[in-house]
Structures are given as structure tokens and as C-alpha cells.
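*Asks:* Next up is a structure, given as C-alpha cells.
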Amino acid sequence: EMDDTTKLKLATVAALGLADLHNIDGDGVPSVTHGDLKNNQYMMVDGTYKLGDFNRGRFLRKNRESGEPCSYTIGKNDAKYRSPEEYRYDELTAKIDVWALGSTIFRILTGETVWHGYKTKKAQKKIASTNAAPPLPDEFQDSSNNGIHNLLREVMYKMCFVGDPEKRASALEVAEFLKEKAAKDFGIESFEL
């Protein structure tokens, strides 16, 4: 079992990696989306975690007038870690990766996958029809004496698992928030593992 400082570092590194991917053009507007973000998509390369497996990734075209990324679709949305809009087969944006980042942080915090104990189709239906976020295991419901657990729970449920993608945080917002809180509240400035 990993210690809480390592959990915070891993969550921050995951968010920073996704933010870097989304902002690959350097203009603050997502130009690439992963589309299949989960724990096993991060690989350790020379002591640094890197994102891999871009088979569902998309380069996002930008609207010529507004400069905003265009939406897109992906078929066959399996598993239980995806966003509500994916299971409804709505138009998608880079915000699907932020929901999946929440699922990654959930696994880092709890050691369990999201919707553990639920059948896949039941979880998908619940997510699609109600924008439901995955329930936390009991031991993580109230960890008021654990600042790192509180921080990761806040990131998951107030930034990542937000049903409306327009109101969901960006990967950059999540990464900057975690990095700032790690430094300010826990004295963590380096994210080497």
C-alpha cells in the first residue's frame, strides 16, 4: 500500500501529463484528446511517467471563427471509467479525459477501480442517465483528519466527476490546483517518485 504523499504525487503527475497533452500546441486550448485515459495508460520511462496508447486519441480541429476546439465522437464506449457524455454517445470534447482523470485519481486514492462491485452495464446506465459519480468506499467517505485524502476527494468530486462537461474543470485547472495545494498545504514541490 502506498503512502499518502506518494498518492498525491502520483495524482499530480497524472494531471500534469494530461494537461501537457491537451496543451501540446502551447496556446491553452486543447488540441489533442486521449480518449481512453486509465491507470495502465501511464508508463514509467527513465523515472518519469508518460502517457501511452493513443488508439482512441483525436487531434481536435479548431473552429476558424472562435478558435475553440470542435467536438467529435468515438464509438464503442466500454468499461466503467468514462464520462456520462461518452455513454450517451453525445458530442465529445477534451473534458472526457478529465472525467477519466478522476477515475485514475480514484484508483490512486482507494486502490480500487471506480464502480467496484457494480456490473459494467449497470454502472454505465447509471452514469449516462444521472451523471452519477462513482461511490467512494466507506473508509474514504470521511477522512476529515487526512488532508491529502480530502484534497484528492475534492479534486475528484468537484473538478473531475462533474456531469456537465461545460462546468467540468480542464486538465490544466486540475493540474495547477493539485500542484499549488501540494506545495502550499503539504510542502511538496518535487513530483519525482
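*Asks:* Looking only at the range 139-158, filter to residues that are farther than 15 Å from Ala183 by Cα and of a type in the set (Gly, Ala, Ser); which one of those is farthest from the chain's Cα centre (by Cα)?
*Replies:* The qualifying residue farthest from the chain's Cα centre (by Cα) is Ser144.
*Asks:* Which one of the conditions (1) open to solvent by less than 30 Å² (accessible area, probe 1.4 Å); (2) under 21 Å from Ile108 (Cα atoms); (3) over 16 Å from the mean Cα position of the chain (by Cα); (4) not hydroxyl-bearing (Ser, Thr, Tyr) does Ile74 fail to meet, given that it meets all the rest?
*Replies:* Failed condition: (2).
*Asks:* When you scan the range 80-92, do you find a residue that is part of a helix (DSSP H, G or I), of a type in the set (D, E, K, R) and under 14 Å from Asp36 (Cβ atoms), even just one?
*Replies:* Within the range 80-92, one or more residues are part of a helix (DSSP H, G or I), of a type in the set (D, E, K, R) and under 14 Å from Asp36 (Cβ atoms).
*Asks:* Could you say whether any residue in the range 50-59 is more than 15 Å from the chain's Cα centre (by Cα), open to solvent by less than 80 Å² (accessible area, probe 1.4 Å) and farther than 24 Å from Asn77 by Cβ?
*Replies:* No, the range 50-59 has no match at all.
*Asks:* Does any residue of the range 78-91 turn out to be among the aromatic types (Phe, Trp, Tyr), open to solvent by 30 Å² or more (accessible area, probe 1.4 Å) and farther than 18 Å from Cys160 by Cα?
*Replies:* Looking through the range 78-91, at least one residue is among the aromatic types (Phe, Trp, Tyr), open to solvent by 30 Å² or more (accessible area, probe 1.4 Å) and farther than 18 Å from Cys160 by Cα.
*Asks:* Name the single residue that is least open to solvent (accessible area, probe 1.4 Å) among those in the range 121-151 being closer than 30 Å to Glu68 by Cβ and outside any loop (DSSP other than H, G, I, E, B).
*Replies:* Of everything passing the filter in the range 121-151, Ile127 is least open to solvent (accessible area, probe 1.4 Å).
*Asks:* Does the range 61-79 hold any residues that are outside any loop (DSSP other than H, G, I, E, B) and touching a residue at least 40 places away in the same chain (Cβ under 8 Å), and which are they?
*Replies:* Passing the criteria: only Pro69.
The values are calculated or read from the model by the stated rules, or taken from the named source; none is laboratory data. As the structure is a computational prediction, the values presented were derived from the model and not from experiment. For neighbour counting, all protein chains shown are included, and Cβ atoms are generated from backbone atoms with ideal geometry for every residue, glycine included. Note: accessible area is taken over every heavy atom of the protein model, side chains too, but ligands, DNA and RNA are not part of it. Shrake-Rupley method; radii C 1.70, N 1.55, O 1.52, S 1.80 Å.
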